[in-house]
Amino acid sequence: MKSVNKAAQRPASNTDVPLKQRNVKFDWSNTPLDWIPNEPYASYFINEINLILPAGEFWFCRLYNKALPLVTDPKLREDVRGFIKQEAMHARGHSSAIEEYLAARGIKTERNQRLMKWLFEVVLDDQPFGRKMPVWMEKRWLLLRLGLVATIEHMTCVLGMYALQNRKWDELNADEVLLDLIRWHGAEEVEHRCVAFDLYKHLGGDYLSRYYLAAVVVPMIIGLWVDGAAHIAGQDPRFASKKPAVYKPWVWVQWFKASRKQLLPNPLWLVAQQLPYFSPWYDPSKEGSTQLAQDYLKQSPAAMAASAIQAKMRAAA
Ligand SMILES: [Fe+2]
Ligand SMILES: [Fe+2]
């Protein structure tokens with residue numbers, strides 16, 4: 001009797017919903033810096049994602065456009081196209097928060113944005129540090145970076161589920177616009193959670209490489225997040241005397257304290273949530289709930305406004 005190769009049975013695409021771009025817009029005119037009332041630390045900590053994400057997500061788009069011609073499975077190709085459109089809109093949504101909200105409230109965002117741009121536009125570029133890759137390395141370099149995206153996308157799915165399920169923010173009357181931004185984004189992360197992993201596997205990504213890649217990337221993301229949050233929180237007179245920095249215990253202690261109040265994910269919980277990704281049997285379709293994501297997208301003010309405009313345009317055409 002022939003043995004059945006389970007890996008070969010896994011379809012190239014494991015996304016069962018069409019990935020559509022929702023052309024969202026956010027009005028930042030009334031969002032305060034303490035968007036979770038009286039919780040400045042947690043507010044800054046989450047606001048840092050606005051500074052981390054755009055450079056990375058635009059880079060995802062460039063990388064996926066490069067990988068697209070190599071995809072032979074039609075359904076996966078469609079997923080990758082949908083993924084690119086969604087990530088581009090995420091980057092635009094968070095960029096609007098940088099310009100119209102954080103910078104408009106006097107927060108200096110340049111240093112954190114510069115760091116992310118350096119990482120994604122110089123280090124992780126097709127030509128890292130401006131050096132042309134030897135031809136034999138090009139595919140490997142592409143695959144390594146696709147593995148990196150798959151690791152990040154596991155984390156964004158975990159964070160997306162957290163944002164969809166956190167009720168504490170609502171109890172405390174957190175700003176509805178910012179909540180909608182992170183929940184709309186989180187919901188789409190959950191919706192497209194299989195694409196990066198499927199693409200990595202489809203183009204030949206192997207288990208061992210993703211294991212070592214994740215072991216490096218997970219602490220790096222957490223470090224960058226804390227470093228950036230410390231930099232923007234340190235600009236607030238309420239925290240200036242602490243001179244927050246990633247290497248000082250204060251920022252980490254505050255993170256733990258805020259997580260005990262259910263304002264932020266607990267750092268240890270967040271690390272533990274990355275463990276399934278290290279398993280050889282990791283399956284992103286088992287992480288997160290598409291139903292929960294779609295339930296939110298049906299009632300997200302920004303997503304509803306976007307589909308109303310789209311419906312009007314369709315009717316006028
Ligand atoms: Fe995203
Ligand atoms: Fe994503």
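The values are calculated or read from the model by the stated rules, or taken from the named source; none is laboratory data. Bear in mind the structure is a predicted one, so any value in this text is a computation, not a measurement. No Cβ is skipped: glycine too gets one built from the backbone with ideal geometry, and neighbour counts run over all protein chains shown. Ligands, DNA and RNA are stripped out before the accessible areas are found, and what is left, the full protein with its side chains, is counted by its heavy atoms. Shrake-Rupley method; radii C 1.70, N 1.55, O 1.52, S 1.80 Å.
Which pairs do you get when a residue that is part of a helix (DSSP H, G or I), found in the stretch 119-131, comes within reach of a residue that is open to solvent by less than 30 Å² (accessible area, probe 1.4 Å) and not β-branched (Val, Ile, Thr), reach meaning Cβ atoms under 6 angstrom, with the pair 6+ apart or on two chains?
Short answer, once both residue conditions are applied: Phe120/Ala55; Phe120/Gly56; Phe120/Trp59.
Starting from the stretch 65-78, take each residue that is without any contact (Cβ under 8 Å) to a residue 24 or more places away in the chain and among the hydrophobic types (A, V, I, L, M, F, W, C) and list its partners that are open to solvent by 70 Å² or more (accessible area, probe 1.4 Å) and assigned to a helix (DSSP H, G or I), counting only C-beta distances under 9 angstrom and pairs at least six apart or across chains.
Leu68/Arg77; Leu68/Arg81
Among the residues of the stretch 238-280 satisfying the criterion of being surrounded by 13 or more Cβ atoms within 10 Å (Cβ to Cβ) and small (Gly, Ala, Ser), which is farthest from Asp198 (Cα to Cα)?
Ala245
Mind checking which pairs have a first residue in the stretch 79-93 that is among the charged types (D, E, K, R) and a second that is more than 9 Å from ligand 1 (Cβ to nearest atom) and part of a helix (DSSP H, G or I), Cβ under 7 Å, 6 or more apart or different chains?
Cβ pairs passing all conditions: Asp79/Val195; Asp79/Asp198; Glu87/Cys61.
Looking only at residues in the stretch 195-209 that are within 14 Å of Trp281 (Cα to Cα) and either open to solvent by less than 10 Å² (accessible area, probe 1.4 Å) or part of a helix (DSSP H, G or I) (or both), which one is nearest to ligand 2 (Cβ to nearest atom)?
Phe197
Exactly one of (1) within 16 Å of ligand 2 (Cβ to nearest atom); (2) aliphatic (A, V, I, L, M); (3) open to solvent by less than 10 Å² (accessible area, probe 1.4 Å) is unmet by Ile221. Its number?
So the condition that Ile221 fails would be (3).
What's the number of the condition Gln235 fails, among (1) in a helix (DSSP H, G or I); (2) away from ligand 1 (no atom under 16 Å from the Cβ); (3) open to solvent by 10 Å² or more (accessible area, probe 1.4 Å)?
That leaves (1) as the condition not met.
Collect the residues in the stretch 132-151 that are open to solvent by less than 40 Å² (accessible area, probe 1.4 Å) and touching a residue at least 40 places away in the same chain (Cβ under 8 Å), keeping them in residue-number order.
Across the stretch 132-151, the qualifying residues are Leu142, Leu143, Arg145, Leu146, Gly147, Leu148, Val149, Ala150, Thr151.
Please give the number of the condition Gly205 fails out of (1) within 30 Å of Ala306 (Cα to Cα); (2) more than 16 Å from ligand 1 (Cβ to nearest atom).
(1)
Can you work out which of the residues in the stretch 156-174 that are open to solvent by less than 30 Å² (accessible area, probe 1.4 Å) and assigned to a loop (DSSP other than H, G, I, E, B) is nearest to ligand 1 (Cβ to nearest atom)?
My answer is Asn166.
Whether any residue in the stretch 113-121 is modelled with pLDDT under 95, more than 16 Å from ligand 1 (Cβ to nearest atom) and within 27 Å of Ala230 (Cα to Cα) is what I want to check.
There is no residue in the stretch 113-121 that is modelled with pLDDT under 95, more than 16 Å from ligand 1 (Cβ to nearest atom) and within 27 Å of Ala230 (Cα to Cα).
Please name all residue pairs, on different chains or six or more residues apart, with Cβ atoms under 8 Å, provided the first residue is in the stretch 152-177 and is free of Cβ contacts under 8 Å to residues at least 12 places away in the same chain and the second residue is part of a helix (DSSP H, G or I) and of a type in the set (A, V, I, L, M, F, W, C).
Close Cβ pairs (under 8 Å, with a partner that is part of a helix (DSSP H, G or I) and of a type in the set (A, V, I, L, M, F, W, C)) amount to Asp170/Leu179.
Look at Glu57 and say whether it is modelled with pLDDT under 95 and more than 20 Å from Trp169 (Cα to Cα).
No: the conditions fail for Glu57.
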